[in-house]
Amino acid sequence: MHEIEAIFNLWRASQSESKRAALATVVEVKGSAYRRAGARMLLVEDGRSAGMINGGCLDGDLWAHAHQVMQSGRAVLTRYDTTSNQDIVFGLGLGCRGVMKILVEPANDLTWLAAGNKVAVVYEGEDVGTRLLELAAPQKGAFIQHIEAPQRLLIFGVGADVVPLHAMAQLAGFSVEVFDHRAPFPNRLPLVPSSYYPIEKLEAHLKIEAETACVVMTHNFLFDLELLKLLLPSPARYVGILGPRRRADELLEKIGRDTLLRGINLAALDLRKLHAPIGLDIGAETPEEIALSILAEIQKRRRDKSGLSLREKDSIH
């Protein structure tokens, strides 16, 4: 489940149970910290929480501020300085070497926490708190945040190797849909929840957008050919196909031919979105390792990052 969804679900549950809650949001970071500005954590008076803004080292102090906010109904801005060479801050021994400000506000209404919304997080001055962005620019001591939707992942195929990919993607907060290339059969038990549509009707059910990632794992050359005819011209940012480079080259050679679907013009396609062979080079062998490799490549493409080991970078923030 995506972190934002977990926060919203817990908030909705707390409302139905008449439980008070507070929302902690990282609003400013200088130097290094566990999370960057915009990370959130919901804290409910009965001890439940969702989201994470630190590695646990600040939780005790955050809970104290959260209970204060629940009782007073007023937001507070907290500041944590972990730049001390002694690395002894609040007796916690923090080691991130940064300064972080966290806004803790009453969680009375979190309906603004929906994918696609733009919000203004005001943490200094008057009327602090988070709200939908209005036409007027927010004042100093505020930042604008776009509430990001979960990464949408479409998987084509329902073999045993799809199971770890499906599970890991859900654990990472992706929104996952699986499509079976075979018609339902009574004696075939599904390994993961999936949908089936005849290939000529499939496109209408995909709803592919620019941020969508598509992974083809049918292990069937002809089905893969038809799927590539649908996916490569689509707005999807990422299209990956399982199998060796030679197989992918053969598929592209035949993509202009009319089969179940009409052929498409290869020269008119943006092949930068095609990842074949799929995944990052991490020495993956097992289905679980291959799933990890695929998800890492999707994340790399989504964030437009290098994929380098972090120790090879001068700074991670």
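The values are calculated or read from the model by the stated rules, or taken from the named source; none is laboratory data. Not measured: the values here are computed from a predicted model. Virtual Cβ from ideal backbone geometry, glycine too; neighbours counted across all protein chains shown.
Scanning region 308-317 for residues that are β-branched (Val, Ile, Thr) and part of a helix (DSSP H, G or I) gives no hits. Residues in region 225-249 that are surrounded by 24 or more Cβ atoms within 10 Å (Cβ to Cβ) and either under 15 Å from residue 180 (Cβ atoms) or outside the structural domain of residue 158 (by TED's automatic domain parsing) (or both): 227 only. Select from region 269-281 the residues that are farther than 20 Å from residue 212 by Cβ and either surrounded by 17 or more Cβ atoms within 10 Å (Cβ to Cβ) or free of Cβ contacts under 8 Å to residues at least 24 places away in the same chain (or both) and list them in ascending order. Answer for region 269-281, where residues must be farther than 20 Å from residue 212 by Cβ and either surrounded by 17 or more Cβ atoms within 10 Å (Cβ to Cβ) or free of Cβ contacts under 8 Å to residues at least 24 places away in the same chain (or both): just 281. Among the conditions (1) free of Cβ contacts under 8 Å to residues at least 12 places away in the same chain; (2) charged (D, E, K, R); (3) more than 17 Å from residue 152 (Cα to Cα), the only one that residue 303 does not satisfy is (3). Of the strands (runs of 3 or more DSSP E) lying entirely inside region 61-155, those containing at least 1 residues that are modelled with pLDDT under 85 are 76-81, 98-106. Confirm whether residue 218 is hydroxyl-bearing (Ser, Thr, Tyr), touching a residue at least 24 places away in the same chain (Cβ under 8 Å) and either more than 16 Å from residue 152 (Cβ to Cβ) or not assigned by TED's automatic domain parsing to the domain that holds residue 34 (or both). Yes: the conditions hold for residue 218. Scanning region 196-223 for residues that are surrounded by fewer than 17 Cβ atoms within 10 Å (Cβ to Cβ), in contact with a strand residue (DSSP E or B) (Cβ under 8 Å, 6 or more places away or on another chain) and part of a loop (DSSP other than H, G, I, E, B) yields 197, 209, 211. As for region 140-161, it holds no residue that is of a type in the set (D, E, K, R), under 24 Å from the mean Cα position of the chain (by Cα) and more than 27 Å from residue 295 (Cβ to Cβ). Mind checking which residues of region 179-195 are without any contact (Cβ under 8 Å) to a residue 24 or more places away in the chain and either surrounded by 15 or more Cβ atoms within 10 Å (Cβ to Cβ) or not assigned by TED's automatic domain parsing to the domain that holds residue 208 (or both)? Correct list: 180 only. Among the residues of region 260-307, those identified as within 29 Å of residue 201 (Cα to Cα), in a helix (DSSP H, G or I) and among the β-branched types (Val, Ile, Thr) are 294, 298. Scanning region 118-158 for residues that are exposed (fewer than 14 other Cβ atoms within 10 Å of the Cβ), on the phi < 0 side of the Ramachandran plot and of a type outside the set (D, E, K, R) yields 132, 135, 136, 137, 139, 144, 146.
All conditions but one from (1) surrounded by 14 or more Cβ atoms within 10 Å (Cβ to Cβ); (2) over 20 Å from the mean Cα position of the chain (by Cα); (3) of a type in the set (D, E, K, R) apply to residue 35; the one that does not is (2).
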